């Protein structure tokens, strides 16, 4: 199979490249740099994916059995036009166009099925808005021009090599025998997918006969509460540390923010919950998610071998000190 990956040099992309190469497929990546470190077997195309003309020039005259569109510009955002223009341009020269969307495309709410409405065009969050608008644009292309679109909606992605400070956040504090802060009552729901499961689902979507023109929720079936998540981290490394519940309002008043710099529960991990149902992916893609405990143990092994970080716990020390003072008064 001849494949093109838009992106490919980051977390999900690296796992996808490795899996495709292992399967004997031809792999080309398109990204902004002149070169990459993915090995000589991976061909390189250079273009800014937010520049439709440059991207079209880079792929001009080429055809692919599958395109995996993973890239998102976190500084400028990636608008729907940047994605749909490429998909439209390649129509007729590709077998499938697999777009990496997100559970965020739903905007909010619990237990979403793929047929549920996506976030409105005026949603205040640019990432949510871009993902939802892009999916709508791609499915219009499928309906009007036969563009062979499949969209994938993952929640929080975890696994070996995750560059976002999430799993490592908890293991750093457990390693250093520091208290973990549990925001609020600890009952806010979170849903996860193991990066290798996500990659397998993307590849399966290329040739699954009934996948064309559909969206798929790809995740573990059961969401976890934040309290359950901390317990899972304890189990994965065989160690524990104290857990201190602090009201979310107090954390935010003190300057805490889920995106940092004053992190208190892992990068972007303390958000209003959006959860989804995966029965469609299980049926159409024969998707079988890795048990969370198993995936987390594998990720912890990677962490032990690779993770090095000099920590600044000043904000958490401030929060914990204020909490002790509140209790004392």
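Could you list, in sequence order, all residues of the stretch 222-239 that are buried (at least 16 other Cβ atoms within 10 Å of the Cβ) and part of a loop (DSSP other than H, G, I, E, B)?
223
Select from the stretch 14-73 the residues that are part of a loop (DSSP other than H, G, I, E, B) and in contact with a helix residue (DSSP H, G or I) (Cβ under 7 Å, 6 or more places away or on another chain) and list them in ascending order. Full working, then the answer.
As a first pass, look at the stretch 14-73 and keep what is part of a loop (DSSP other than H, G, I, E, B): 23-25, 32-41, 47-51, 60-63, 70-73.
Answer for the stretch 14-73, where residues must be part of a loop (DSSP other than H, G, I, E, B) and in contact with a helix residue (DSSP H, G or I) (Cβ under 7 Å, 6 or more places away or on another chain): 38, 41, 47, 48, 49, 50, 70.
If you check residue 164 against the conditions, is it under 19 Å from residue 101 (Cβ atoms) and surrounded by fewer than 21 Cβ atoms within 10 Å (Cβ to Cβ)? Let's see the steps before the verdict.
On the way: under 19 Å from residue 101 (Cβ atoms): yes; surrounded by fewer than 21 Cβ atoms within 10 Å (Cβ to Cβ): yes.
Against the criterion (under 19 Å from residue 101 (Cβ atoms) and surrounded by fewer than 21 Cβ atoms within 10 Å (Cβ to Cβ)), residue 164 qualifies.
Looking at (1) closer than 30 Å to residue 117 by Cα; (2) out of contact with any helix residue (DSSP H, G or I) (no Cβ under 9 Å at 6 or more places or on another chain), find the lone condition where residue 274 falls short.
Looking at each condition in turn, residue 274 falls short on (2).
Please find, among 210, 262, the residue that is closer than 12 Å to residue 181 by Cβ and either surrounded by fewer than 20 Cβ atoms within 10 Å (Cβ to Cβ) or not assigned by TED's automatic domain parsing to the domain that holds residue 65 (or both).
Details: 210 fails: closer than 12 Å to residue 181 by Cβ.
Among 210, 262, only 262 is closer than 12 Å to residue 181 by Cβ and either surrounded by fewer than 20 Cβ atoms within 10 Å (Cβ to Cβ) or not assigned by TED's automatic domain parsing to the domain that holds residue 65 (or both).
Does residue 181 satisfy being under 18 Å from the mean Cα position of the chain (by Cα) and not in a loop (DSSP other than H, G, I, E, B)? Please lay out each step first, then the result.
Values: under 18 Å from the mean Cα position of the chain (by Cα): no; not in a loop (DSSP other than H, G, I, E, B): yes.
When the stated conditions are applied, residue 181 does not pass them.
Would you mind telling me which numbered condition in (1) assigned to a helix (DSSP H, G or I); (2) out of contact with any strand residue (DSSP E or B) (no Cβ under 7 Å at 6 or more places or on another chain); (3) touching a residue at least 24 places away in the same chain (Cβ under 8 Å) residue 165 fails?
Only one criterion is unmet by residue 165, namely (1).
Looking at (1) under 22 Å from residue 194 (Cβ atoms); (2) under 21 Å from the mean Cα position of the chain (by Cα), which is the only condition residue 257 fails?
Condition (1) is where residue 257 drops out.
Look at residue 128 and say whether it is in the same structural domain as residue 11 (by TED's automatic domain parsing), at pLDDT 95 or above and under 30 Å from residue 228 (Cβ atoms). Reasoning before the result, please.
Numbers: in the same structural domain as residue 11 (by TED's automatic domain parsing): yes; at pLDDT 95 or above: yes; under 30 Å from residue 228 (Cβ atoms): yes.
When the stated conditions are applied, residue 128 passes them.
The values are calculated or read from the model by the stated rules, or taken from the named source; none is laboratory data. What you see is a predicted model, and the numbers here were worked out from it, not measured in a lab. Reconstructed Cβ throughout: ideal geometry from the backbone, glycine too, with neighbour counts over all protein chains shown.
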